[in-house]
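The structure under discussion appears below in the form of structure tokens.
The values are calculated or read from the model by the stated rules, or taken from the named source; none is laboratory data. On a predicted model such as this, the values are computed, not experimentally measured, just so you know. Here Cβ is always computed from backbone atoms with ideal geometry, including for glycine, and neighbour counts include all displayed protein chains. Areas reflect the complete protein model, heavy atoms only, side chains present, ligands, DNA and RNA absent. Shrake-Rupley method; radii C 1.70, N 1.55, O 1.52, S 1.80 Å.
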Amino acid sequence: MNISETFYSIQGEGGLVGVPSVFIRTSGCNLRCHWCDTPYTSWEPEKKEQSLDELMAYVRRFSRGHVVVTGGEPMIAPDIVPLTQRLRAEKQHITIETAGTVFAPVECDLMSISPKLSNSTPVARDGGRWAESHERLRYQPDVIRQLMGLCDYQLKFVVVMESDLLEIRAIVQELAADVAKVQLMPEGRTAGEVHERSRWLVEIAKDEGYRYTPRLHVDLFGPQRGV
Ligand code: SF4
């Protein structure tokens, strides 16, 4: 598989925040969010070939039971299904972190879906050459519904500005999603940026009945990789 990095850390976002987890980050993405926090998997993808056996050896060495398969977009990785089958055979709790634009019949325990809002479209970046394809692909409600039906799920929205709530409400309604599984996460690559947005985002979460999720890894480690 084309892998960007593997590391052992704690989950920094979502319902399993704080849980020690092995991260397997695939390289490559079909989107180009302008604020992407892992550009080394999307805008300038880096990769190394790692076999499933090598990945399983890493999991066996470090995992305490939780593995997060992330990206990039892990659902476009050709071996994503056999990878999750191998993780299942190892009795791992499997979280898949995806933007929800591509379906694959993976093994999973938590589908962490982060539908991308219009705030992600790269109109100004790289001369705007990715804007049209990103805008066309970024929200695929039929795919998200399929993923929601596969295992437990969470819908995690990256929020840049207060007006993003209009889109989020519309998506939650269209998907008939469980409000308790909707999470609002502040955009930001530094603790300062995250804190600034978290002030008003917490109030919105309280009003809407959505959950606020921190970015614990940003608080603890900043924009550092592999942590
Ligand atoms: S979907 Fe994720 S990895 Fe892909 S460009 Fe957006 S933030 Fe980056």
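Data overview
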| read-out | value |
| --- | --- |
| Gained length - Asp219 relative to Arg88, 0.36 nm times residue gap less alpha-carbon distance | 44.0 nm |
| Total charge dipole magnitude, the chain, about the Cα centre, Cβ charges on Lys, Arg, Asp, Glu only, Debye to nearest 20 | 380 debye |
| Cβ-derived FRET efficiency at R0 41 Å, Glu49 paired with Ser163, nearest 0.05 | 0.45 |
| Efficiency of FRET between Ala170 and Val123 - r from beta-carbon atoms, R0 22 angstrom, step 0.05 | 0.60 |
| Fraction in percent of alpha-carbon pairs per bin - 10 Å, the range 1-80 | 20, 48, 31, 2 |
| Inter-part distance where the range 6-49 and the range 89-120 are each reduced to a Cα centre, Å | 12 Å |
| Length added when fully stretched, Leu150-Asp178, from 0.36 nm per residue minus Cα-Cα | 8.6 nm |
| Sequence-distant lysines (8 or more away, or on other chains) whose Cα lies within less than 19 Å of Lys116 | Lys156, Lys181 |
| √(5λ) per eigenvalue of the Cα gyration tensor, the range 75-185, largest first, Å | 26, 18, 11 |
| Calculated P(r) of the chain - Cα pairs past 30 Å, % | 18 percent |
| Net dipole in debye of the range 1-76 [+1 Lys, Arg Cβ; -1 Asp, Glu Cβ; about Cα centre; nearest 20] | 220 debye |
| Two-site label geometry, Glu196 and Asp142: point separation in nm, points 7 Å out along Cα→Cβ | 4.1 nm |
| Whole-percent carbon and sulfur share, accessible surface of the chain, 1.4 Å | 51 percent |
| From phi via Karplus (6.51, -1.76, 1.60), per-residue ³J(HN,Hα) for the range 120-128 in Hz, x at Gly/Pro | 8, 5, x, 5, 9, 7, 6, x, x |
| Label zone at Arg189 (point 7 Å along Cα-to-Cβ), backbone N below 13 Å, the range 134-174 | none |
| Calculated [θ] (222 nm, deg cm²/dmol) that DSSP helices of n ≥ 4 give over the chain, each run adding -39,500 (n - 2.57) | -9500 deg cm²/dmol |
